[in-house]
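Student: Can you read through this structure? Questions will come right after.
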């Protein structure tokens, strides 16, 4: 039948056009990278088999001020230490044991610039604001340091809450540098509680750029890109100022979920309304064809 | 004028004054359409419907959109997409319809070309139709700027730049269009005006003109047969509906259109709900940033073929700069379809499969436009540039050859 032949030709050419300008063109424009690696297999476990001791970790942090001179955290319901602006606002460590991959966290404490892949930025006298872990100041990472790192990680895991909200995960992992203004949108221009914690001027000086607001990243980048990018930013943006954050899979999923909650809040409504809409249209099309058949019966 | 005595406040009096029944006859029940048509003849009504969807969804968006570079992005992506009830639906409908309307325009256009529905009395239909294509293009381009995302900004920068005319360096004209040295707030507000007022007004006017040019010569049919409409209409009205070669616009023609519309709606709303990235580019969900050029700048898919003719000539030749040659071909590509009726030298109206050489020309043109569209999106590197160059050359060659090919067909048929 001629109509079907015409339709087949139409569908064929429209399909080729769609394939060419969408999936094919995008496959040519965007780099293919390995999927996110939540085992952080490229990182060596600096603890070197040492078993962490919670009490020893607590002693290092609370009594010897190994971390709390620059970091705040809540221990036994009490907030200790203080966050400060060292170019970028230092993170509160309460949730560190929950959101970071353990191996990454250990490697980060041992050598922050190396673990977070920003060593290339630490040139011309610039140093990472957090010093490498070195208990006896001998300039090397020895056995005592490995044990110390293991103890601190064990302690941080012990104080971390069992679960946090998506917003808390985002706040802990991203908000020191990135705002997400749609999380608390202010029409009147007052400061949103979801703007970046570090002031623009310091972060510009520290990073060389103002990190983008993340409100629409779920629409502009999509799930796949975000998953690969957050896990290892350099995969997609070589030489980026953004450090590798080292989130474990659960925390990263929570961050992406938060971005979806604030950036694509109508997703559920779309998914709910879509099938109903199409269902109605199928019925409409059916009746339209029946009506057409009824009228054309007298014509042919 | 015959004085009317019936009361103004009676149905009869109103009928006498407005002649609604006569109008209905002329526009509907005795507006004759050939019976020998396929579903491609429904594209006009599909287009009118899609345009209505654009107007209605546009009106709803207009209630919340703020044409200000500081507010536009958030008014679209926060207020409309997340705060307003069903705001997301209207935006998706508007964005997807703006894309789909071009798919249907192209189908409508190439149906006309295939069946020779642009000549021998139908030239005005063709020309007014091409005017609609140009005005819809302007409408699409101006609308794309409004969300003030990265693609909005950079597409505006690139396209307004073209008005400098390459080596002509008519920067004064570019500034006049932009309302400033660079694309900025003044550019956004004036394109907002164009998008929601001036261009839609012109489009509606040209649609009326398009319908008017269509009403008297009647539409073509599948075999391009020259129908004696008076005789065939008489048969139909006398009850010989099966014998008559014509059908009335209402209800017979429109019943088929509605059936086609039913299928079209399923396709369109599937895209609205489940597959909209092709019409709402993810890159445009990054706010406009004049300091950060996106890695790839490309127009919406329906401008890609002409965009590629702009990029096609990538090296200087004939003593001219590559950019200037590209610009000339691009300018030509925008208007060349308008003169189609005058480049076709075949005196007969026939479908392409009855014109063997033109038939080949037609499908090569379709393939060439497809290649241009795909390569218009790909980064112009290495072999891609070469493909673009060849496809652009072929595009020009096709137009140059059109008068000769159509004449050769006519000669072979003995019509010349």
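Student: Using only Cα atoms, find the angle between the long axis of helix A:267-296 and the longest principal axis of chain A, and express it within 0 to 90 degrees, rounded to the nearest 10.
Tutor: That works out to roughly 10 degrees.
Student: So for B:196, A:153, fewest C-beta neighbours within 10 Å to most, what's the order? Walk me through the intermediate numbers first.
Tutor: Numbers: B:196 20, A:153 25.
The fewest-first ordering by Cβ neighbours comes to B:196, A:153.
Student: When the expected Rg is taken as 2.2 N^0.38 Å, what fraction or multiple of it is the alpha-carbon Rg of the stretch B:194-323? Before the final figure, lay out each step's value.
Tutor: Details: Rg = 24.0 Å, N = 130, 2.2 N^0.38 = 14.0 Å.
Normalised Cα radius of gyration, the stretch B:194-323: 1.71.
Student: Another question, if that's okay. What is the helix-to-structure angle for A:2-19, meaning the angle in degrees between its Cα long axis and the longest Cα principal axis of chain A, kept from 0 to 90 and rounded to the nearest 10?
Tutor: 20 degrees
Student: Still on this model: With Kirkwood's inverse mean 1/r over C-alpha pairs for Rh, give me the Rg to Rh ratio of the stretch B:304-416, two decimals please.
Tutor: Numbers: Rg = 15.6 Å, Rh = 15.0 Å.
Here Rg/Rh amounts to 1.05.
Student: If you line up the long axis of helix A:222-231 against the longest principal axis of chain A, both from Cα atoms, how many degrees apart are they, to the nearest 10?
Tutor: Value to nearest ten degrees: 20.
Student: Starting from the Kirkwood Rh over alpha-carbon pairs, what translational D in µm² s⁻¹ does the stretch A:110-258 have by Stokes-Einstein at 37 °C and 0.692 mPa s?
Tutor: Details: Rh = 17.3 Å.
Estimated diffusion coefficient is 189 µm²/s.
Student: Please give the contour-minus-distance gain from residue B:64 to residue B:11: 0.36 nm per residue of separation, less the Cα-Cα distance, rounded to one decimal in nm. Let's see the in-between values first.
Tutor: Numbers: separation 53, 0.36 × 53 = 19.08 nm, distance 4.15 nm.
14.9 nm is the gain from fully extending residue B:64 to residue B:11.
Student: Bin width 5 Å, origin at 0, all Cα-Cα pairs of the stretch A:184-300: what percent of pairs per bin?
Tutor: Reading upward from the zero bin: 2, 9, 11, 15, 14, 11, 7, 5, 5, 5, 5, 4, 3, 2, 1, 0.
Student: Roughly speaking, what is the centre-to-centre gap between the stretch B:46-76 and the stretch A:221-300 when only Cα atoms are used, to the nearest Å?
Tutor: Going from one Cα centre to the other spans 21 Å.
Student: So, in nm, how far is label residue A:265 from label residue B:216 when the simple model puts each one 7 Å beyond its Cα toward the Cβ?
Tutor: 5.7 nm
Student: Semi-axes of the equivalent ellipsoid for chain B, please: Cα gyration tensor eigenvalues, times 5, square-rooted, ordered largest first, whole Å. Let's see the in-between values first.
Tutor: Details: eigenvalues 312, 200, 71 Å².
Over the Cα atoms of chain B, the ellipsoid semi-axes are 40, 32, 19 Å.
Student: Over the stretch B:117-246, with a single point scatterer placed on each C-alpha, what log10 of the ratio I(q)/I(0) does the Debye formula yield at q = 0.11, 0.17, 0.21 1/Å?
Tutor: One equal scatterer on each Cα of the stretch B:117-246 leads to -0.59, -0.92, -1.14.
Student: Just grab the label-to-label distance for residue B:412 and residue B:338, each label 7 Å out from Cα along the Cβ direction, in nm (one decimal).
Tutor: 3.2 nm
Student: At q = 0.15, 0.22 Å⁻¹, work out log10 I(q)/I(0) for the stretch B:1-75 with the Debye formula, treating every Cα as an identical point scatterer and leaving solvent out; two decimals please.
Tutor: -0.81, -1.01
Student: What percent of all Cα-Cα pairs in the stretch B:188-266 falls into each 10 Å bin, going from 0 up to the bin containing the maximum distance?
Tutor: Whole-percent P(r) values from 0 Å outward: 14, 29, 30, 16, 8, 3.
Student: In nm, to one decimal, how far is the residue B:235 label point from the residue B:55 one, both placed 7 Å along Cα→Cβ?
Tutor: 3.7 nm
Student: May I pose another question? Within a 10 angstrom radius of the beta carbon, how do B:401, B:306 rank from fewest other beta carbons to most? Intermediate values should be presented prior to the final figure.
Tutor: Working: B:401 15, B:306 22.
Final ranking by Cβ density, sparse to dense: B:401, B:306.
Student: Along each principal axis of its Cα atoms, how long is the stretch A:99-146 end to end? Whole angstroms, biggest number first, please.
Tutor: That gives 31, 30, 13 Å along the principal axes, largest extent first.
Student: To continue, here is another question. Taking the alpha-carbon set of chain A, what are its Rg and Dmax in Å?
Tutor: Here Rg and the maximum Cα pair distance are 26.4, 99 Å.
Student: Quick one: Debye curve from the alpha-carbon atoms of the protein assembly as shown only, equal weights, vacuum; give me log10 I(q)/I(0) at q = 0.05, 0.09 Å⁻¹ to two decimals.
Tutor: At q = 0.05, 0.09 Å⁻¹ the computed log10 ratios are -0.36, -0.92.
Student: Where does each of B:209, A:214, A:247 land when they are ranked from fewest to most other beta-carbon atoms within 10 angstrom? Spell out each step's value before the answer.
Tutor: On the way: B:209 17, A:214 27, A:247 24.
Ascending Cβ contact count within 10 Å gives the list B:209, A:247, A:214.
A short reminder: the numbers here are calculations on the coordinates, not readings from a lab. Source: prediction; values computed, not measured. Note that each Cβ is placed from the backbone with ideal geometry, even for glycine, and that neighbours are counted across all protein chains shown.
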